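Let me begin by presenting the structure, written as structure tokens, before commenting on it.
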Amino acid sequence: MEIIKSGIGELLQPPDVNAFRDWNRNKSKSLIDKRMTEAEVVKRFIHEGDYIGTELYGTVRCPMSIVNEIIRQDIKNLRLVGQGVYESDVLLAAGLVKEMDFTYIGLELYGISHVIRREIDAGRVEKIVEWSNGALVWRFKAAAMGVPFIPVRSMLGTDTFKYSAAKLVECPYTGDPIALVPALILDVGIIHVHRADKYGNCQIDGITGFAYEMSRASKTLIVSAEEIIPTEEIRRQPDRTIIPYYLVDAVVHAPFGSHPGEMCYLYERDEEHIQHWAEVSKKPETTQEYLEKYIYNLKDHQEYLELIGEERLRELREMVPCS
Amino acid sequence: MSKPTYNPNEMLICTASRLMTDNSTAFIGTGIPMLAASLAQKMHAPNLTTIFEFGGMGAILDDLPVAVGGRRTFHKALSAAGILDVIEAAGRGFIEYGFLGGAQIDPYGNLNSTVIGDFYKPKVRLPGSGGGNDVGSHCWQTIAIMRHDKRRFIPKLDFRTTPGYLTGPGAREAAGLPPGTGPYRVVTNLALLGFHPESKRMMLLATQPGVSVEEVLNNTGFELLLADEVEENPPPNEEELRILREEVDKEKFYI
């Protein structure tokens, strides 16, 4: 197959599907208790220079208790797949991100990210490679299939292609040009779910975003859950298991783990808090004050919840309409 | 009868809303498209199937979504899936309309939402493609919603994030994009625009009420084609305004 054109973006993570297979072969298939704390998980599984991804969309099912712990433990030079709102913003604000596969970083309703621009200017973010959301989820899908690339009809004819690491080839069947995107295998994927058992079998309510594909494209998968449920409940409704235990390396019990993001049917997004971040993240000094107050000065997620306060958490829960 | 008063955002929402047809599928982004879809459902298109990027399909927009992944995007919906299912539905030709926004647009309807200035030394780093490029690549007809001025309507984009007609007739197909897809309308605070069937260049179809053709031309940074008869859009009627204010944006997020 002839390559017509190559994107000039660097391939940040090699699509080594054979190594991925070997890795998966050696993963434990035992039903073992994988529960641990945020501190243990980050210390054990996330290392300087790792390629990580936080599965979410907007501020929904944000794995914030894990992200905050990464910042507390100051794990530097991270490479990040960026479809993010608040969680990627705070990782960037903490100066921990070096390279990014980029599709969207912004604050949705509240406009552009102020942090990303500062991090680029400061030279801390050294590489940005562009993709579309579709391209990224297809890159996960390729990894999930165990193949090194997948043909897609996104990004064609644009600078999004030019600044990506995709390739343009002639389709061997139709003769038309088509883009190839490389499998994206994450060192560590981090996903927040509604319920999991101690082995890591997970249920998600509502829409599933990138969860299915990303969980299958991660060498190490950390799951945080609002609730830990008995395995009997998983077995009672096996059709609800979106992530089976063998994909999962660690299970963290994190009630309100998505705050200030939302969990559908459980609690609403903390609009005031997100607005506050949108405001303070405009300036480096106030950004740092925020990180001190909500992350660095706190021991763990429990202290974070105490700082937010029971009353506010109850309000967010009560905002969920009764169906 | 006294004329109802309205603001430019309300006019924009009504113009976009009127483009949404009943019994069709529309890929909806955050902001104005959500309001327009909600208004359309309550006016003329009760069976408009809204499709949100992260998996919500066929939601009833009783409350306005503030995020494309929030619970309101699958409120009383027909399906709550994931991003892959949605984008692949567009890839298979199931999604008729795709609503888009951007910081810049060129005469062929290409959009920039990535960067102002140089890519490596940006003046402004914008949010990026997100699903924009996918919507512009796969949906049959895309509708861009923009504020109309010379900084936004420019001859050459700083960065082509999302494909319009690229460099002109035949360019999309030559690039490998699905035949028969492309920009359909551009809705602005000043005008409703389309694209010339042969040259694929942007064309003024109608002005917003009280806006002159000159005003539109003066706020466009490239040569704009004119339809044989440039019409004037009817202003929002009382019913549209009432529903918009009392039902669609009760919380006054946008209007």
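The values are calculated or read from the model by the stated rules, or taken from the named source; none is laboratory data. The structure displayed is predicted, hence computed values, not measured ones. Here the Cβ positions follow ideal geometry from the backbone for every residue, glycine too, while neighbour counts run over all protein chains shown. All accessible areas refer to the heavy atoms of the entire protein, side chains included, with ligands and DNA or RNA removed. Shrake-Rupley method; radii C 1.70, N 1.55, O 1.52, S 1.80 Å.
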Study note, to complete from the structure: Treating only Lys and Arg (+1) and Asp and Glu (-1) as charged, each at its beta carbon, one finds that chain B has a dipole about its Cα centre, in Debye to the nearest 20, of 760
Point to revise | Centre separation in Å (Cα based) which lies between segment A:265-323 and segment A:248-262 | key: 14
Check your understanding: Near B:Lys150, which lysines are there with a Cα under 16 Å away, not counting those fewer than 8 places off in the same chain?
Key -> none
**Study point:** Principal axis dimensions, segment B:3-66 - Cα atoms, whole angstrom, descending
**Key:** 39, 23, 18
Exercise for review: Please name whichever of B:Ile87, B:Ala144, B:Pro197 sits farthest to the positive end of the charge dipole of chain B, dipole taken about the Cα centre and charges placed at Cβ: Lys and Arg +1, Asp and Glu -1.
Suggested key: B:Ile87
Review point. To the nearest 10 Å², what's A:Tyr212's accessible area with a 1.4 Å probe?
Key: 110
Exercise for review: Could you run the Karplus curve 6.51 cos²θ - 1.76 cosθ + 1.60 with θ = phi - 60° over segment B:113-120 and give me ³J(HN,Hα) per residue in whole Hz, x for Gly and Pro?
Suggested key: 10, 9, 7, 9, x, 6, 4, 7
Point to revise | 5 angstrom amide H check on B:Phe153, placed H, neighbours 5+ away | key: B:Ile105, B:Gly221
Check your understanding: Extent of chain A along each principal axis, from alpha carbon coordinates, in Å, largest to smallest?
Key -> 62, 50, 40
Check your understanding: What is the distance in Å between the Cα centres of segment B:43-75 and segment A:1-42?
Key -> 34
Check your understanding: Given a 1.4 Å probe and no ligands, DNA or RNA in the count, how much accessible surface is buried by B and A, both sides, to the nearest 100 Å²?
Key -> 4000
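Counting GluC sites (Glu not before Pro) as exposed when in a DSSP loop with at most 15 other beta carbons within 10 Å, what is the longest stretch of chain B free of them?
In short, B:1-197.
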Point to revise | HN-Hα J in Hz across segment A:146-158 - Karplus 6.51, -1.76, 1.60, θ = phi - 60°, x for Gly and Pro | key: x, 10, x, 7, 9, x, 9, 10, 9, 6, 4, x, 10
Check your understanding: Rounded to the nearest 5, what is the percent of antiparallel bridges among the DSSP beta bridges in segment A:133-237?
Key -> 55
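Can you put A:Tyr57, A:Tyr265, A:Tyr246 in order of accessible area, largest first, using a 1.4 Å probe?
Descending accessible area places them as A:Tyr265, A:Tyr246, A:Tyr57.
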Point to revise | Over chain B, volume per residue of the alpha carbon convex hull, in Å³ | key: 130
Practice item. Would you work out which of A:Leu80, A:Val42, A:Ile105 lies farthest towards the positive end of the dipole of segment A:1-128? Charges go on Cβ: Lys and Arg +1, Asp and Glu -1. Key: A:Val42
Check your understanding: Mind checking which lysines have their C-alpha under 27 Å from A:Lys198, skipping anything on the same chain fewer than 8 residues away?
Key -> A:Lys27, A:Lys29, A:Lys34, A:Lys43, A:Lys141, A:Lys219, A:Lys299
Study note, to complete from the structure: Between B:Lys76 and A:Lys27, the two model label points (7 Å from Cα along the beta-carbon direction) sit apart by a distance in nm of 4.1
Point to revise | Estimated vicinal HN-Hα couplings, Hz - segment A:219-226 in sequence order (Karplus 6.51, -1.76, 1.60; Gly, Pro = x) | key: 5, 10, 10, 9, 10, 10, 9, 4
Practice item. Just report the Cα centroid separation between segment A:177-241 and segment A:138-156, whole Å. Key: 19
Practice item. Have a look at A:Arg139, A:Arg61, A:Arg312 and tell me which one the Gaussian network model of chain A (Cα, springs below 10 Å) gives the largest fluctuation. Key: A:Arg312
Study note, to complete from the structure: Ranked by GNM mean-square fluctuation in chain A (Cα springs under 10 Å), the top entry among A:Met64, A:Met36, A:Met214 is A:Met36
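As an exercise, use a Förster radius of 25 Å and the Cβ-Cβ distance of A:Ile8 and A:Glu285 to find the FRET efficiency, rounded to the nearest 0.05.
Step by step, r from the Cβ atoms, then E = 0.10.
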**Study point:** Accessible area in the full protein assembly, largest first, 1.4 Å probe, for A:Asp50, B:Asp228, A:Asp89
**Key:** B:Asp228, A:Asp50, A:Asp89
Check your understanding: Taking springs between alpha-carbon atoms closer than 10 angstrom, which of A:Thr286, A:Thr54, A:Thr37 fluctuates most in the Gaussian network model of chain A?
Key -> A:Thr286
Check your understanding: Which of the listed residues, B:Pro235, B:Ala36, B:Gly101, is farthest toward the dipole's positive end in segment B:8-248, when Lys, Arg count +1 and Asp, Glu count -1 at the beta-carbon?
Key -> B:Gly101
Check your understanding: Where the accessible area of chain B is counted over protein heavy atoms with a 1.4 Å probe, how much of it, in %, is carbon and sulfur?
Key -> 52
Point to revise | Dipole magnitude (debye, nearest 20) for the protein assembly as shown, charges at Cβ of Lys, Arg, Asp, Glu | key: 1200
Check your understanding: Counting each DSSP H run of 4 or more residues in chain B as -39500 (n - 2.57), what helix-only mean residue ellipticity at 222 nm follows after dividing by all residues, to the nearest 500 deg cm²/dmol?
Key -> -5500 deg cm²/dmol
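So, for chain A, what is the accessible surface per residue at a probe of 1.4 Å, expressed in square angstrom?
With all protein chains present, chain A gives 40 Å² per residue.
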Review point. Amide H neighbours of A:Val125 under 5 Å, counting only residues 5+ apart in sequence or on other chains, H built in-plane at 1.01 Å?
Key: A:Ile120
Review point. Could you state the principal axis extents of the C-alpha atoms in the protein assembly as shown, from the largest down, to the nearest angstrom?
Key: 72, 60, 49
